[in-house]
Amino acid sequence: MRKIQMVDLKGQYEQIKEQVNQSIQEVLDTTTFINGPQVHQFQKALEEYLDVKHVIPCANGTDALQIAMMGLGLQPGDEVITADFTFAATVEVIALLQLTPVLVDVDPDTFNISVDAIKKAITPKTKAIVPVHMFGQAANMEAIMAVAKEHNLFVIEDNAQAIGADYEYADGSKKKVGTIGHVASTSFFPSKNLGCYGDGGAIFTNDDELAYKLRGIVNHGMYVRYHHDVVGVNSRLDSMQAAVLNAKLPRLDTYNDARQLAAQKYDAAFAGHANIVTPVVKGDTGSHVFHQYTLRILNADRNALMQHLIDKGIPCAIYYPIPLHSQKAYADSRYNEADFPVTNQLVNEVISLPMHTELEDEQIKFITDSILEFLK
Ligand SMILES: *Cc1c(COP(=O)(O)O)cnc(C)c1O
């Protein structure tokens, strides 16, 4: 059996080596390291894949979020509601822009932002909601868009973990996540579902005017060379990363299928176990692309289980061990522990198992057997 990896980037690279090497060689041969034709090609291909009018490539997923908020013209003191249970990047950029982060609880089944909690947190200062499609599963966009419309709020989708997932509307129609809110951000960090070989990110929107603004902001606020109309940043996807992404984007659906298949095998092994809650998928199978496969462990020692797995050479991780409202940087006297019953519980229950496109049946069996043996 191959050594089990949390994310097997090497195994995946072996499969696409020739094409990736050739694409990178082209960048080297032409030395168009910045804004080469690969970047434009990737932008167009991703717009087509997502069925979105504008993709604005940038340097990473954190920048993408920040630039989206800058493009919307959010001002210091504006309140932005987001999930308490997510990677810190989401709240970090809100704070950096001197907006006021308002963290709210999530739903225990999907780990996604709670619509009821959003409603309770809205004040006259609220300007935006940032749903995160957690672990690869679409947040409840229909309800979130309805709340946003009622209160005239922007919706910024943090789609770093769910690229390629479909959101299924109540009437059965579908859209790719990241194309439903006013604007969305994503990350091409190597371990994400569509990862490059360094840092990368992108912003998506269907709004022409906003797209124009965003293209200037990523490029030092320039719309005409050396004319700086707004304060911008320097945030670019480089040509080598775009070359890697051009090789991987046509395989994204196959990659996500492989993740879903691995998730089904995990689910089957754990079905009905009293101590294990397997991931709950709300829409059809396409609505969860399993960036992570995350279990909740009930009435058992989650940390001892984790050690048991590590002792057997099985990597695993706690995403996330501390709710954001309890982090030093984001603590706020306005928060009340009673408002976060779910995140406070989840941080003690969750465990994420190896999840990638190259998981073999034998590896899955070894992982599930090892967990079942511990929980007996
Ligand atoms: C990875 C991630 C980001 C940040 O992406 P980077 O490319 O690492 O900056 C933001 N939000 C979420 C939810 C993420 O998982």
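Brief remarks follow.
- Contact map, segment 341-366: first residue assigned by TED's automatic domain parsing to the domain that holds Asp257, second residue acidic (Asp, Glu) and in a helix (DSSP H, G or I), Cβ cut-off under 8 Å, separation 6 or more or different chains; pairs are Asn344/Glu337.
- Residue match in segment 344-355 (condition: of a type in the set (D, E, K, R) and farther than 22 Å from Met134 by Cα): no
Here is a yes/no grid of residues against (1) surrounded by fewer than 16 Cβ atoms within 10 Å (Cβ to Cβ); (2) in a loop (DSSP other than H, G, I, E, B):
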| position | (1), (2) |
| --- | --- |
| Tyr223 | yes, no |
| Val230 | yes, yes |
| Leu249 | no, no |
| Ala258 | no, no |
| Ala263 | no, no |
| Gly286 | no, no |
| Leu309 | no, no |
| Ile314 | no, yes |
| Ile322 | yes, yes |
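- Summed over segment 70-80, residues that are within 16 Å of the ligand (Cβ to nearest atom) and either at pLDDT below 95 or surrounded by fewer than 24 Cβ atoms within 10 Å (Cβ to Cβ) (or both) total 1.
- Set Val104, Val91: member being among the hydrophobic types (A, V, I, L, M, F, W, C), outside the structural domain of Phe290 (by TED's automatic domain parsing) and either away from the ligand (no atom under 11 Å from the Cβ) or over 30 Å from Asn348 (Cβ atoms) (or both): Val104
- For segment 147-165, a residue qualifies if it is of a type in the set (A, V, I, L, M) and closer than 18 Å to Lys120 by Cβ, and the qualifying residues are Val147, Ala148, Leu153, Val155.
- Selected residue (criterion: farthest from the ligand (Cβ to nearest atom)) from residues of segment 118-177 that are part of a strand (DSSP E or B) and hydroxyl-bearing (Ser, Thr, Tyr): Thr126
The values are calculated or read from the model by the stated rules, or taken from the named source; none is laboratory data. What you are looking at is a predicted structure, and each value in this text was computed from that prediction instead of being measured. When we count neighbours, we look across all protein chains shown, and the Cβ atoms used for this are built from the backbone with ideal geometry, even at glycine.
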